[in-house]
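Novice: Below is the structure I would like to discuss, written out as structure tokens.
The values are calculated or read from the model by the stated rules, or taken from the named source; none is laboratory data. Note that this is a predicted model, so its numbers are computed, not measured. With ideal geometry, Cβ positions are generated from the backbone for all residues, glycine too; neighbour counts draw on all protein chains shown.
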Amino acid sequence: MARGKWVIAALVLVALGAIGWALFGRPGNQTKVDGLPTLEITVFAAPSQSIWFPTIIQKRGLDVKNGFHLVVKQKPGPTAYAEFASGIDKVCYCAAPAAVARFVEQGSKITLLWNVFSAEYVLVTNNPSVQKPADIMGRKLAADTSTGGYAVAAMLLARNAIDLKKVDVQSAWGAAQAALLSSRRIDALLLTPVEAAMLKDADPEHVRIIELIQSSGWRAFGYGPGVPAISFGVWTDWIVQPANADLARRFYRANIEAVEWGKANPEAAADLVSGTVNVKRASVLNTLKLRSDYIRVAPIAEYRAPIRELTTKLLPDAALIDRPMTEAELKQFVSDFQP
């Protein structure tokens, strides 16, 4: 019996050790390397675009230049979000406001610091009869309707005079979307510019991209600089620590430098990213060359108005969150981060 108790005690200690590692050895905790603090961030695993600029920062030494070491943890989307929502990971370079809003409503003390990629959607078609957005009415459209981003996409379709009641919307994601398009079982896909660039590169002769946001941009819709799609998010108990706040500002500067270099050198950036992680070169190159406006690093406070619209109207109206976000939740969610 005594031996059994010791075995149980040992197992408890092992479990506690594992918990301690999870809490104190995860992204967001500082250690020193060569006298510089480290910043561990979670990103969605390649080929997600959330890995592009962290890769550039590491490979070009922009982290050390700005006084820190960057450590990047790639994780599948569900794992990254589960561990960020629970607080196991305190730092996420993959925080989509449309998705993370649900975590905040469920009690996660998450705040956004800055935007990286803005929300944008285009129609991708190989049907010669679809020449403008309104041509999709009466036809079949495939989209990932399960995500918060779809609420933004549906709003863009409506702003282009598309009545979704007159569109046969089929839910599909990933490889299934490309298969539906290539087999001509649907007339168009609703995709982000990065996803669209990959399909266009695979079949440039037949695939066409139809814009939903015109040259006047988001401001014509009353959304200021736009709706953030991928942001840098942290837990509030992490960012209130002065050392972490300083580290975040250093990381922000590295982000600005990485984006500026990528936009000025799209060929080199595409080579660097695709040669380092599992990302298609054309995806990076076409986005940087043709849709660089999709990338905008700026404090999240500049996006307060569109995030309010997203979390109090678009997402609840689409039943993608349970209720409109409260003022207290919005105050926590949209930080006053100053770089």
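Novice: Restricting to region 125-142, name every residue that is surrounded by 24 or more Cβ atoms within 10 Å (Cβ to Cβ) and either free of Cβ contacts under 8 Å to residues at least 40 places away in the same chain or within 30 Å of Ala298 (Cβ to Cβ) (or both).
Specialist: Of everything in region 125-142, nothing turns out to be surrounded by 24 or more Cβ atoms within 10 Å (Cβ to Cβ) and either free of Cβ contacts under 8 Å to residues at least 40 places away in the same chain or within 30 Å of Ala298 (Cβ to Cβ) (or both).
Novice: Among the candidates Val279, Val273, which residue alone is closer than 20 Å to Phe44 by Cβ, under 18 Å from the mean Cα position of the chain (by Cα), in the same structural domain as Phe232 (by TED's automatic domain parsing) and part of a helix (DSSP H, G or I)?
Specialist: Just a single option satisfies the conditions, and that option is Val273.
Novice: Shifting gears a bit: When both residues are 6+ apart or on different chains and their Cβ atoms are under 7 Å apart, which pairs have a first residue that lies in region 249-275 and is without any contact (Cβ under 8 Å) to a residue 12 or more places away in the chain, and a second that is outside any helix (DSSP H, G or I) and of a type in the set (Phe, Trp, Tyr)?
Specialist: none
Here's the yes/no breakdown for (1) at pLDDT 95 or above; (2) within 26 Å of Ser274 (Cα to Cα); (3) assigned by TED's automatic domain parsing to the domain that holds Ala328:
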{"position": "Leu16", "(1), (2), (3)": "no, no, no"}
{"position": "Thr55", "(1), (2), (3)": "yes, yes, yes"}
{"position": "Ala82", "(1), (2), (3)": "yes, no, yes"}
{"position": "Tyr93", "(1), (2), (3)": "yes, yes, yes"}
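Novice: Right, something else. Determine which member of the set Arg296, Arg304 is in the same structural domain as Leu113 (by TED's automatic domain parsing), part of a helix (DSSP H, G or I) and under 29 Å from Pro54 (Cα atoms).
Specialist: Arg304
Novice: Oh, and also: Quick check: is even one residue across region 151-163 at pLDDT 85 or above, touching a strand residue (DSSP E or B) at 6+ places or on another chain (Cβ under 6 Å) and β-branched (Val, Ile, Thr)?
Specialist: Within region 151-163 (the criterion being at pLDDT 85 or above, touching a strand residue (DSSP E or B) at 6+ places or on another chain (Cβ under 6 Å) and β-branched (Val, Ile, Thr)), the answer is no, since none of the residues qualifies.
Novice: Tell me whether region 288-300 contains one or more residues that are touching a Lys or Arg at 6+ places or on another chain (Cβ under 9 Å), among the small types (Gly, Ala, Ser) and surrounded by fewer than 17 Cβ atoms within 10 Å (Cβ to Cβ).
Specialist: yes
Novice: Among Leu212, Leu191, which is within 20 Å of the chain's Cα centre (by Cα), surrounded by fewer than 21 Cβ atoms within 10 Å (Cβ to Cβ) and at pLDDT below 90?
Specialist: Of Leu212, Leu191, the one residue that is within 20 Å of the chain's Cα centre (by Cα), surrounded by fewer than 21 Cβ atoms within 10 Å (Cβ to Cβ) and at pLDDT below 90 is Leu212.
Novice: If I ask for residues that are in a helix (DSSP H, G or I) and more than 22 Å from Gly149 (Cα to Cα), which ones from region 175-218 would you list?
Specialist: Ser182, Asp201, Ala202, listed by residue number.
Novice: Report yes if some residue within region 107-124 is aromatic (Phe, Trp, Tyr), assigned to a helix (DSSP H, G or I) and either in the same structural domain as Pro316 (by TED's automatic domain parsing) or surrounded by fewer than 22 Cβ atoms within 10 Å (Cβ to Cβ) (or both); otherwise report no.
Specialist: no
Novice: A further question on this structure: Can you confirm whether Tyr150 is within 23 Å of Lys313 (Cα to Cα) and in a loop (DSSP other than H, G, I, E, B)?
Specialist: Taking the combined requirement at face value, the residue does not satisfy it.
Novice: Let me ask another. Name, by its number, the condition in (1) more than 30 Å from Leu288 (Cβ to Cβ); (2) at pLDDT below 95; (3) assigned to a helix (DSSP H, G or I); (4) touching a helix residue (DSSP H, G or I) at 6+ places or on another chain (Cβ under 9 Å) that does not hold for Gln170.
Specialist: Against the list (1) more than 30 Å from Leu288 (Cβ to Cβ); (2) at pLDDT below 95; (3) assigned to a helix (DSSP H, G or I); (4) touching a helix residue (DSSP H, G or I) at 6+ places or on another chain (Cβ under 9 Å), Gln170 comes up short only on (3).
Conditions tested, residue by residue: (1) polar (S, T, N, Q); (2) touching a helix residue (DSSP H, G or I) at 6+ places or on another chain (Cβ under 7 Å); (3) closer than 11 Å to Glu105 by Cα.
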{"site": "Val297", "(1), (2), (3)": "no, yes, no"}
{"site": "Arg308", "(1), (2), (3)": "no, yes, no"}
{"site": "Ala319", "(1), (2), (3)": "no, no, no"}
{"site": "Pro324", "(1), (2), (3)": "no, yes, yes"}
{"site": "Glu329", "(1), (2), (3)": "no, yes, yes"}
{"site": "Phe333", "(1), (2), (3)": "no, yes, yes"}
